[in-house]
Amino acid sequence: MRKEHKKMSLAARRRNVAGYLFIAPALIGMSLFYVFPMLFSFGTSFTDWNLMTTPSFVGGDNYMELMNDSVYLKSIRVTFYYTLLAVPLSNIYALLMAMLLNAKIRGRSVVRTIFYVPSIVPAVASAGVWMYIFNPYNGFLNQIFLQLGFDPKMWIYDSKQVIPCIVAMAIWAAGGTAVIYLAALQGVPSELHEAVAIDGGNGLHKFFYITVPMISPIIFYNLIMGVINSMQVFTQGYIMTDGGPNNGSLFYVLLLYRRAFEQTKMGTACAMAWILFFILGILTLLNFALSRKWVYYGG
Amino acid sequence: MKKKLSAVFLTAGMVLGLTACGGSGGGNAGSDTSAPENSEASEMDAGQSEDSSSESAEAAPAGDGEITITVVDWNTGIASDLQKAACQEYMDSHPGIIIDHQTIAYEDYNTKLNTLIAAGQTPDIFYASDLYAFNYGEQGVSQDLAPLYEAQGVDMKEKFLSPAIYETAAGEVYGLAYGVVCTVMYYDKEIFDAAGVEYPSSDPANPDTWDEWVEKLKQITVDQNGKHPGEEGFNPLATKTYGTISPSWYYHLSTFLHSNEGAFFDENGLTLGNEEGLEVIKAVNDLAAVHQVAPTPIAEDALPTVASMFKENQLGCYISGSYEYIDIAEENPDIGIAMIPMFKRPASIAWAACLEMSATTEHPEEVFEFFRWYAEADTNPCHVASNLPNEYKYYEDESLFDIWMDPSIYNDDFHAVVPALMAEYAYSPEMCTVKNAGQIFDEYVAPQLDKVWMGEQTPEDACAELADSVGAVYSGLW
Amino acid sequence: MKSHKKNRTIKRMFLWTAIILVCIISLFPFYWMVRSSLMTKTEIFGTPMRWVPEVPQWDNYSEALTRIPFMRYFWNSFLLVILNIVGKVLSSSLVAFGFSRIEFKGRNIWFALVIMTMMIPWSVLLIPQFMLWSQVGLYNTYFPLFFPAFFVDGFYVFLLRQFFATLPREYDEAAIIDGAGYFQIYSRILLPMCKPALMTVCVFTFMNTWNDFIGPMIYLKDTDKFTVSLGLQQFISQYTTEWHYMMAAATVAIMPMLVMFFFAQRYFIEGMNFAGVKG
């Protein structure tokens, strides 16, 4: 009995050592590139520091100032608005693309590649193309609008239209999400669809009673990642609109970036980063809480 | 986008320098300046340039080898080649000195410079965007130049144009503008001739008043059916020729505020809401909103380039920095240059990239010697050829004009207007003197004015709201 | 029977209409990029707009590729891609193997923590990571841009762990009886079986590294160390954006990825088999 216990623990010890050896890169990486930076930025968020002089402790001032900072509060509103539009719409479009890609058609690999093209066009170049599409003077959309007899619009030069325009760009670039949905769709057993067909169900029945529940863990996963990424949208605001007009596209991370690297207000920037981390944590928890109601884990 | 323009003028300007100083050091433009090799022999005798290393060791000061001076700016393309050529010329005549000249794309310049400084690699000499020019001094990054010039017996205020000196109220000088530009008005003579309208005044002392100018704009603005603004059936959406593009950028507003004896800020806070300020904002806003002589200020970035609009006769007047001259004149050699219309008094602004020197450099003497050589027109005329000189003497002595105003590059109009304007009516733009300017203008002033341009707010309401919101971050003047 | 067939034909038509529509939407900006890359500067934005260049300006390509040292940037990007792929494949597969095949104490907690790293916004990490690298004197080197790849990436660890979970455990047991250690099981048995998943890691890493813009912008100083995505930015920093050159350079820049995706996509989609993802 005693001997056996010792033997067990020896095997267990061996497993423990091996396990930790295998995950050692992750442990080192997490402490170096995540834990240390997190603590560093947490500490910095309580200081006044401009990268050049020594930081001075200011307590919660950075956080308090942000709460009264109208530009900061606007950037939160803008970012939430963007996320609320972009996440559902781009997921619906991605799921639609995935279903098309999942159909048994000729030339599948070509079509898949085409659907994926928007995700690989460099941001600077796609920004250029979209700036032409949205150009109010001679842009693509307004030329079409004029021909159809509609009034031309200001698009990204209107503080109310700029976010929907950037959302359209995000939807267009949803190929990456579509690929994940496609993989999920391929995991849905076709017997289930056949069963619905035998029971006299149509395509919509199949979609809502079989496909959606079966891939709900992936929908959930994409929603979480979508929220995390959308809340941190940066490039379009940086390259295309410079946050304007009237700060209408001043995304959270764009403001953070400006505060950090242009105005060198590191304390404020780190406080902003931590507030964002906190917001993302809450959104993710909320997502998890809601997921109990609709996500289906088979087997 | 406009923000970018402000600081890229040197780039545009330097293109001109290519022709203006093709002779001086141009031959070195292609050589690799980053190679740590002393080519001092090349200037003395091209044939012996192969074996120069032994000579340079002999000539090096203090005997301990070479001193490297790092220079960082945002010029690209030809401009960058020219800067490198100038650096090469300096290296040729100063054995033992290596100039390491690095170019950073303007788009990313502030980020890069700040990260360099944070990484402990502050360049010995660097450009600073004028909005942040004083910050580096305050943070101890850049050197106070006043005592250095004083030690050499130079009175900076006597020598350099006042807008070129970045001086705090306490008398510290944290940088020197070189390659100065001023704001002028470009106009298309063909359009004025065709409409039978008198050209805008090009006399710096007697510009058109704002109202006179607006009247002219109404006459030259025309839609596709030949109607003018104010006539029945005029369709602003189908404007064929715009009278002008609204000078709504805060650099331009600053000019008009000067002209109206107003300002954005004083020691205590926002003064834009005063009578003078409101008058300027209303006047600029009315160009598009009431007089219909200009496209809406909100989407000016989306217009075709000004050069092509002038060429296609789509634009009558355009107020902007002299740095755009080269681009515009390339396609419109006969472009007219006029003085900016005025409110109460004639005014323009002069501004430039601020050249600063590191306060923590290891070789302050050598770096300052190079700084002077690089920043002053006498020794580094390439910059002068492309932009406007930063020294008074060039404006006072007409014989010096030709050094930088090559008639093959600048047309007669430019020649007639700009030197006189620079000498008498050029103010320093207000933005540079406001503490925290980057944040205040980019995050508060420009967005708030967007609301006015979009017609969502009256100038009064916008200024009242702005006074409130900007108060939290406003911390006075430098 | 006949009506059933007719029904199917209509369905096919709908399907293809939708596919073609999405293809057009997806390809339009790409088409626009290529079209603009062959036009003169004024032609690009001319009214009325032109669908094809009047005279294709092939010179744009040679000009764009010499205006900036493009081949150099190309090579730099490529080097970073290779280093990142090697790093991510190695580290993620090792860590994922540990989490899925070895039962050790604290496994679940550590796994949860690794997953949590996915939720940390990059913006929180940006500043301190930059300080870290500059303090150790590795600013203006490629280290910050590839070294972390050799340690941890929550997304790929998660992906590979899910994939390992689908491989039967009998293989391991048989190997253990033959006297193999964990490392042999990992390298000889499981790694060769999860090629599709590794391919996915490669493709995503390729794309992310190739298009990464902020990392190189913050960490690199010398122009000759720049990457393609940073190089493209240089066409904007001119006084006016030189769209014709930028589009030409961008077209060249995406070619490696297009080719790679086309050939890799079959494995790639297999590799994304998430069946069994748990929240």
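The values are calculated or read from the model by the stated rules, or taken from the named source; none is laboratory data. Quick caveat, the model's predicted, so the values are computed rather than measured. Cβ: placed from backbone, ideal geometry, glycine included. Neighbour counts: every protein chain shown.
Quick notes
- Scanning the range C:197-211 for residues that are at the interface with another protein chain (Cβ under 10 Å from one of its Cβ atoms) and in contact with a helix residue (DSSP H, G or I) (Cβ under 7 Å, 6 or more places away or on another chain) turns up C:Thr200, C:Val203, C:Phe206, C:Met207, C:Trp210, C:Asn211.
- Considering each residue of the range C:172-185 in turn, at least one proves to be within 29 Å of A:Pro217 (Cα to Cα), modelled with pLDDT under 85 and assigned by TED's automatic domain parsing to the domain that holds C:Gly98.
- Residue in the range B:377-384 that is surrounded by 17 or more Cβ atoms within 10 Å (Cβ to Cβ), of a type in the set (Gly, Ala, Ser), touching an Asp or Glu at 6+ places or on another chain (Cβ under 7 Å) and more than 14 Å from every other protein chain (Cβ to nearest Cβ) present: yes
- Residue match in the range B:219-240 (condition: outside any loop (DSSP other than H, G, I, E, B), crowded, with 21+ Cβ neighbours inside 10 Å and within 14 Å of chain A (Cβ to nearest Cβ)): no
- Selection of the range B:164-216 for residues being touching an Asp or Glu at 6+ places or on another chain (Cβ under 7 Å) and of a type outside the set (Lys, Arg) yields B:Glu172, B:Val173, B:Tyr174, B:Gly175, B:Pro200, B:Ser201, B:Ser202, B:Pro204.
- Residue match in the range B:75-84 (condition: in contact with a strand residue (DSSP E or B) (Cβ under 7 Å, 6 or more places away or on another chain), in contact (Cβ under 8 Å) with a residue 60 or more places away in the chain and of a type in the set (Val, Ile, Thr)): yes
- Boolean, C:Glu43 is more than 8 Å from every other protein chain (Cβ to nearest Cβ) and either under 25 Å from A:Ala94 (Cβ atoms) or exposed (fewer than 15 other Cβ atoms within 10 Å of the Cβ) (or both): no
- Search result, residues across the range A:260-271 that are closer than 21 Å to A:Phe57 by Cβ, part of a helix (DSSP H, G or I) and at the interface with another protein chain (Cβ under 8 Å from one of its Cβ atoms): A:Ala260, A:Met266, A:Ala269, A:Cys270
- Residues that are within 14 Å of another protein chain (Cβ to nearest Cβ) and crowded, with 24+ Cβ neighbours inside 10 Å were ranked within the range B:329-357; the one that is nearest to the chain's Cα centre (by Cα) is B:Ala353.
- So A:Asn202, is it of a type in the set (S, T, N, Q) and touching a Gly at 6+ places or on another chain (Cβ under 9 Å): no
- Qualifying residue in the range B:207-227 (condition: in the same structural domain as B:Lys311 (by TED's automatic domain parsing), in contact (Cβ under 8 Å) with a residue 12 or more places away in the chain, touching a strand residue (DSSP E or B) at 6+ places or on another chain (Cβ under 8 Å) and of a type in the set (Ser, Thr, Tyr)): yes
- Unique match (being touching a Ser or Thr at 6+ places or on another chain (Cβ under 9 Å) and not charged (D, E, K, R)) among C:Phe155, C:Phe147: C:Phe155
- Condition met for A:Val179 (out of contact with any strand residue (DSSP E or B) (no Cβ under 9 Å at 6 or more places or on another chain) and under 30 Å from C:Trp210 (Cβ atoms)): yes
- Residues that are more than 18 Å from the chain's Cα centre (by Cα) and either more than 11 Å from chain B (Cβ to nearest Cβ) or part of a helix (DSSP H, G or I) (or both), drawn from the range A:231-259: A:Ile239, A:Met240, A:Thr241, A:Arg258, A:Arg259
- In the range A:176-193, residue surrounded by the fewest Cβ atoms within 10 Å (Cβ to Cβ) [restricted to those that are more than 9 Å from chain C (Cβ to nearest Cβ) and in contact with a Leu (Cβ under 9 Å, 6 or more places away or on another chain)]: A:Leu185
- Extreme residue, nearest to B:Asp266 (Cα to Cα), among residues of the range B:452-478 that are surrounded by fewer than 14 Cβ atoms within 10 Å (Cβ to Cβ) and free of Cβ contacts under 8 Å to residues at least 60 places away in the same chain: B:Ser475
- Residues located in the range B:386-426, provided they are crowded, with 19+ Cβ neighbours inside 10 Å and within 22 Å of B:Arg345 (Cβ to Cβ): B:Leu388, B:Tyr395, B:Val417, B:Val418, B:Pro419, B:Leu421, B:Met422, B:Tyr425, B:Ala426
- Pairs are defined by a Cβ separation below 6 Å, a sequence spacing of at least 6 or placement on different chains, a first member in the range A:91-109 that is within 9 Å of chain C (Cβ to nearest Cβ), and a second member that is part of a loop (DSSP other than H, G, I, E, B); the pairs so defined are A:Tyr93/A:Ala174.
- Summed over the range A:130-183, the residues that are free of Cβ contacts under 8 Å to residues at least 40 places away in the same chain, more than 20 Å from C:Met247 (Cβ to Cβ) and either assigned to a helix (DSSP H, G or I) or among the β-branched types (Val, Ile, Thr) (or both) give a count of 10.
- Enumeration of residues in the range B:124-140 that are more than 18 Å from B:Ala352 (Cβ to Cβ) and buried (at least 24 other Cβ atoms within 10 Å of the Cβ): B:Asp124
- For the range B:313-353, the tally of residues that are out of contact with any helix residue (DSSP H, G or I) (no Cβ under 8 Å at 6 or more places or on another chain) and among the β-branched types (Val, Ile, Thr) stands at 0.
- Per-region count, the range C:194-243, residues farther than 22 Å from C:Arg266 by Cβ and in a loop (DSSP other than H, G, I, E, B): 16
- Comparison of B:Ile326, B:Ile337, B:Ile298 shows that the only residue that is among the hydrophobic types (A, V, I, L, M, F, W, C), modelled with pLDDT of 90 or more and either closer than 29 Å to B:Pro229 by Cβ or outside the structural domain of B:Tyr149 (by TED's automatic domain parsing) (or both) is B:Ile337.
- Here the strands (runs of 3 or more DSSP E) wholly within the range B:287-404 that include at least 1 residues being among the acidic types (Asp, Glu) are B:354-357.
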